[in-house]
Amino acid sequence: MATLGELFDVAVARLQEVAQTPLAFVAADERAALAGEVDGLLAQVQKGLGPRAYTPAPTTEERDLTRAEQNLEDCLEQARESLGAARRYLSAQEGEAGPAAERIAAAAQAIGAVRDAINSHLGPDRAPLTPYAYLLRHQKAFDYLARRYSEVAWEAGHVVHRLAQGAEHPGAIDAFEQARTSLGHASVYARASTRDADHDVASFPAALPVEPVQAAASDATSAVTARLGEDCERLSRAAYGALHDRSEQRLSGSDLKQISRWNAMGRLLAGRTLLHVAQDTADGAVRDSLKNAATALRESSKAWRAAAEAWEDVVDTGDPREHPRLPPPDYPQVRQGRVVQMPSTDPHPAVVISRTSAVRLGQLLFGPQWTPEQPPGATRPAADIVADTGGAGDLAASAYRLSATGWQMAAAAPWVVRRAEAGLVTNSADHRPPTLDKDRRFYPVHPRQVESLAGAYSGVMGAEQKGAAALLATAQSAGTPVPRAMLDAAAHRSIAQEQKWVTATPVQTPQRALPRAHVPTDLVIGRRPGMRR
């Protein structure tokens, strides 16, 4: 799954290939067609600029063009006018442009994908669908995009220079050179005014829909880490949707219980994989770091298991999957002006994705035929696992994504618990309200149990933070950079600040590649209903 930085790199590389291709002997109509392709590329760049580009709502006011964007806009417009003049000089009818046109079109497609990737984090009303969308409200993020767009303009200028060479019409030659000069100015001006650009935005990915892509025995073990990263993207979006009640299918208490169980298994499998690889690692520092990270993952597993156990005697009557014999609330109901239909009996996508993540880790450790329903069996050779993951550092970086995403899910859990509180019942004999069925006695859940549930996820958040820190240290010891960690740190701070769990501070570029947002336990478990908004 390509990031913004990788998409920009693709666009630049395709244009460089064209600029290195001899174009002196192409026909006038072919030259005109190539100029048209460059014009289309510049149009894609322009679409990425403007007051409404990438800014999530709600905002106090629409942002203005930054200085870099304004310079780019003016220079791009001048360059496109010059290209139009060159095309008119060359031919009244454009011809076939060949492989060079395909490369320019590929560059334009990559630039369009940049915009699509960013917009995937925003809903139709421009409300954020993920915590990463909030990073697009800051000047340094706009500066990064403008800086990379200016690089594309610079390379497009080299292509235009190639088009000028060998052009027979003097008017076309002058027009091409004017376009090249405008594109050069665009790059120089933008780079001069974006020195403080946030280059961490380069690791910004597309937001994937919360639709499970389940593991299969036919999956190649070499693809596990890439697909695990996609699972984490889906779970991140599911967690944020639950936190803001934007999902089509709500997370319920029983969903949280199942997710907690699968996450506990996943962290245990990831830790065991790190230990297995550590035994075959010659570098002593990396070996020790792998063992430390495995210990942290085991602690995360314990925290998730404790959260799952906290649900053992609690039933969510609003979820027909939890205890179908309990009478659910009357449906349809009207809540806040909208009709709420009967909850689906299908598992929540986040539950399926959590299970799939655990299955992928088991396939990496035990082989593609492994499933959670069978005994573990013999582990695969450590050398094969290292080969599949790209090295011990890449393995740690992949496992880090589990912890970073787990933090987000655990941060959403207290809100899900509070929302479901009115429908939670228990089979505890400590209370006296009437029964709900003839077979078992159920009572409204006690406030202490609600606090215990929320407190369990606060413990998960702390464990996941420690796990993330240990995994990042392992990747660093192995010489593997994890640029995504800076993005996650900023997103986690945005979540904490938005939920009023910590004192809001100005967002700054993180100095450490760690998700450091601290959430005091007493604040999490003591939040009153309604505090979320």
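The values are calculated or read from the model by the stated rules, or taken from the named source; none is laboratory data. Keep in mind it's a predicted model, so treat the numbers as computed, not measured. For neighbour counting, all protein chains shown are included, and Cβ atoms are generated from backbone atoms with ideal geometry for every residue, glycine included. Only protein heavy atoms, including side chains, enter the accessible area calculation; ligands, DNA and RNA are left aside. Shrake-Rupley method; radii C 1.70, N 1.55, O 1.52, S 1.80 Å.
If only residues of the range 205-239 that are acidic (Asp, Glu) and not in a loop (DSSP other than H, G, I, E, B) are counted, the one that is surrounded by the fewest Cβ atoms within 10 Å (Cβ to Cβ) is 230. Taking the range 101-147 as the range and being open to solvent by 20 Å² or more (accessible area, probe 1.4 Å), part of a helix (DSSP H, G or I) and of a type outside the set (A, V, I, L, M, F, W, C) as the test, the residues that pass are 102, 103, 109, 115, 116, 119, 134, 137, 139, 140, 147.
So which of 382, 397 is closer than 16 Å to residue 287 by Cα, modelled with pLDDT of 95 or more and buried (at least 24 other Cβ atoms within 10 Å of the Cβ)? Don't jump to the end; show me each part of the working.
Details: 382 fails: buried (at least 24 other Cβ atoms within 10 Å of the Cβ).
Checking each option against the conditions leaves just 397.
Within the range 126-153, residues that are more than 26 Å from residue 104 (Cα to Cα) reach partners that are among the aromatic types (Phe, Trp, Tyr) and surrounded by 24 or more Cβ atoms within 10 Å (Cβ to Cβ) with beta carbons closer than 6 Å, at six or more positions or on different chains, in the pairs 130/240; 131/240. The residues in the range 245-271 that are in a helix (DSSP H, G or I) and either surrounded by fewer than 20 Cβ atoms within 10 Å (Cβ to Cβ) or among the hydroxyl-bearing types (Ser, Thr, Tyr) (or both) can be counted, and the count is 2.
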